[in-house]
Every structure is written in structure tokens, then in C-alpha cells.
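Quick one: structure below, then a few questions.
The values are calculated or read from the model by the stated rules, or taken from the named source; none is laboratory data. Just so you know, these numbers come straight off a predicted model, no measurement behind them. No Cβ is skipped: glycine too gets one built from the backbone with ideal geometry, and neighbour counts run over all protein chains shown. Note: accessible area is taken over every heavy atom of the protein model, side chains too, but ligands, DNA and RNA are not part of it. Shrake-Rupley method; radii C 1.70, N 1.55, O 1.52, S 1.80 Å.
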Amino acid sequence: MSQIKGPAIFLAQFMADTAPFNTLPNITAWAKSLGYIGVQIPSWDSRVIDIKKAAESKTYCDDLKGQTNGLAITELASHLQGQLVAVHPAYDELFDGFAAPEVRGNPKARTEWAIQQMRYVIKASANLGLTASPSFTGALLWPFMYPWPQRPAGIVEEGFKELAKRWMPILNYADENNVDLAYELHPGEDTHDGASFEQFLEAAGNHPRVAINYDPSHFVLQCMDYVGFIDLYGSRIKAFHVKDAEFRPSARAGVYGAFLGWKDRPGRFRSLGDGQVDFKQVFSRMTAIGYSSWAVIEWECCFKDAVQGAAEGAPFIASHLIDVPTKAFDDFAGAGSDAAKNRRVLGLG
């Protein structure tokens, strides 16, 4: 039996106002027909969940689970709300679209709204019996990612201090509800790789609810060792997005992308199996560290249609799930032992 659960699918990229992508019963029936057994719900999308009602009513949550055609709800994703917990003023107008209309144009009110939204997500997760929410940290430092002009001394420390200050009440509430916040380490966030995650974790006092949503695609685009990452941060990995990517540098552009569109960037997301991620190694290492939650496809590709990507994704994930052994492969050569025998074998008498 596989230690990792799946296949599951993140619904965000598939939601639409037309059937079968417009309601929870419709889209889960579609996902089930493709072979998925779980769905990750975008908590901001009112077509599939009323997040405030889910936080306030366990009955509503029980009814929600009854609308999924037998598919498990794996997690409530909270990326858009988490993003708005911390926004540098340079991005105020661009990120306003993530917020409720009544708080747009008011960064302070928008932050307060986002914090309340995160509390709703945490309580709703608890009401649904879920233990993690994939999210973003938001960013105050991202405009200063490249050290030119030279960063003033202390600005990085101050940025992470403020970021942690905003998240600490949310993290404490998550702890009260036994929910991990699994941050996706993503460009555009202050936590976008292992080192920046460590900086946030330290600023948050190594809070037990600071976790990771592991997504190798973002590490491919940053030319990181995405397999070694699993061994290094495995104890903090509480969610898993199965997403492919490729990085093909050219004489014209590299990791920064030269402001090109997705099709022309050297680094781009791909449908599962079309990119460069070594998923055999990824699933092996995730199994080795003891990860036992869901493998969830997050589909993003600039070349392939979403429906085709989803159809190919379920069997792809299923083929990478590893049935953990019930006995060691070399048990046939084993021999009984006792303390006295061990001492004789060691030449100790």
C-alpha cells in the first residue's frame, strides 16, 4: 500500500462559470471520471466553498463533503489570502484584485481582511478534519531580491521580523486548531527557497506550524537541488504539489526571464511528464522521509490544454506512488542472533 495518498487535483486552475467546472458537485464528478480520488479546494472561490460559513458551521462542512462524489477534500488552499498578509507598496494595485472590493485601495484594511480570511481557512480546515493549508507568506522584501542597488544593512532582518510579526497570531491560531500552514516557496514571496524559508522560520521563533508545501517546479526554475531539498527540510513538508517545469537557458535569457511571456522564457511550467523534474526520485525521497499526506497535481502549462493535462495527470501520479515494503528485501539471508552471539562475532568472547 502506498504511503503517499493520491492522485488528487488542485481545482483552482480549472474553475470556470461553465459546466462541469462551475460547482463542487460538477467539478468533482469530472475529476472522479479522470481517476482522481481527492481534490484540493481553492478557499477563495465561492463557486466551491463559502469559507466564512465553513469556519462557522461544521454542519455546512459535513454537507460540503457530501457534494464531492466520494472524493476526499485534501486541503483548503489559501495562497491568495496569504499573499495579502504582506504586500510591498509597489504591488498594491496589482494585488488588490485578490481582495474583497470593500478593502481595495486600502492596504491596512486589506491586510486585516487577509488575516481574518486566514483565520476562516484555519477554522474551516479543522471543521473538515484537515491538518494543513497550502499558502503563501506574502512579501515585503521581493523588490530587493537582487542586491543592486546595494541593500541597506539590516533591511532583510527587518523585513522578516515584520513578516513574522504579521503571521504569528495566525500561526498561533493554527496551532490551537492543529493545522499546519504549508507555505509554497515561490518567486514573488519572501520565502522562495530554502534559505529564505529558514530566515522566516527563525524570525517566527521556529514556530511548530510553519511548514512547507513542496513544489519542485519552482526549484527547477531557480536551478536548485529539488531532490536534496526534501532530505534537508523533510520534517517541515506537510503538503505536496506535483508540478513539472523545465529550464532551458539560451544566449538571450536566463533565470530572470527578460520580461518574456511564458512560452518564450527559459524557465516555464509544464504538464506532468513534459518537463525536467525527476519524479521517480521525488516520490522516492518523499516516501523515504515518511511523507504520508496527499500528492496533488497543480496543473500549469503554456503549451498544453488544461483538460488534457488533467487527464494525463491522474495516471502519472498513480504510476509514481510507491507501495512501501512489508519486509526487508534481504530477509531471506537473515540469521537469528542474540547478545552472546554478537559478542562472539565481534571477537569479544
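Which distance in nm do the two modelled labels at residue 326 and residue 67 give, with both placed 7 Å along the Cα-to-Cβ direction?
It is 4.1 nm.
Counting DSSP beta bridges in the chain, what percent are antiparallel, to the nearest 5?
Roughly 15 percent of the beta bridges in the chain run antiparallel, per DSSP.
Could you tell me which of rounded, prolate or oblate describes region 227-269, using a ≥ b ≥ c as the square roots of the eigenvalues of the alpha-carbon gyration tensor, with rounded for a/c under 1.5 and, failing that, prolate when a/b is larger than b/c and oblate otherwise?
Verdict is prolate for region 227-269.
Anything over 26 Å Cα to Cα? Flag those among 161/263; 5/165; 32/304, in the order listed.
Over 26 Å apart, Cα to Cα: 161/263; 5/165.
According to the square roots a ≥ b ≥ c of the eigenvalues of the Cα gyration tensor, what is the shape class of region 181-325, taking rounded for a/c under 1.5, prolate for a/b larger than b/c otherwise, and oblate for the remainder?
It comes out oblate by the Cα gyration axes.
What distance in nm separates the two pseudo spin-label positions at residue 57 and residue 280, each 7 Å out from Cα along the beta-carbon direction?
With each label point 7 Å from Cα toward Cβ, the separation is 5.1 nm.
Could I ask something else about it? In square nanometres, what is the average projected area of the Cα convex hull of region 260-349?
Result: a mean projected hull area of 10.3 nm².
OK, next. Which whole-number percent is the relative contact order of the chain (Cα, under 8 Å, 6+ apart)?
19
Another question, then. Can you tell me the alpha carbon radius of gyration of region 1-110 divided by the globular rule-of-thumb value 2.2 N^0.38 Å?
Compared with the compact-globule rule of thumb, region 1-110 sits at 1.22.
For a test of the definition: using alpha carbon positions, the gyration tensor, and the 1.5 limit on a/c, classify region 1-52 as rounded, prolate or oblate.
oblate
If you build the convex hull over the alpha carbons only and average its shadow over all orientations, what do you get for region 48-150? Give it in nm² to one decimal.
Answer in nm², one decimal: 7.8.
Picking from 59, 256, 200, whose Cα lies most toward the positive end of the charge dipole for the chain (charges on Cβ: Lys, Arg +1; Asp, Glu -1)?
Ranked along the dipole, the leading option is 59.
List, in order, the whole-Hz ³J(HN,Hα) value for each residue of region 60-76 obtained from phi through the Karplus relation with A = 6.51, B = -1.76, C = 1.60 and θ = phi - 60°; use x for Gly and Pro.
4, 5, 5, 5, 4, 4, x, 9, 9, 6, x, 7, 6, 8, 7, 7, 9
May I pose another question? Distance in nm between label sites at residue 260 and residue 146, each 7 Å beyond Cα in the beta-carbon direction?
1.6
Over region 146-291, give the accessible area per residue in Å² for a 1.4 Å probe, as an integer.
46
For region 103-144, I need the span (max minus min coordinate) of the C-alpha atoms along each principal axis, in Å, sorted largest to smallest.
Extents along the principal axes, in whole Å: 38, 24, 10.
Using 0.36 nm per residue of separation minus the Cα-Cα distance, give me the extension gain between residue 345 and residue 178 in nm, one decimal.
Full extension from residue 345 to residue 178 adds 55.2 nm.
Which values, in whole Å and largest first, are the semi-axes of the equivalent ellipsoid of the chain obtained as the square root of 5 times each eigenvalue of the Cα gyration tensor?
Semi-axes from the Cα gyration tensor: 34, 27, 23 Å.
Under 10 Å, Cα contacts only: if you run a Gaussian network model on the chain, which one of 308, 222, 116 comes out with the highest mean-square fluctuation?
In this elastic network of the chain, the residue with the biggest mean-square fluctuation among 308, 222, 116 is 308.
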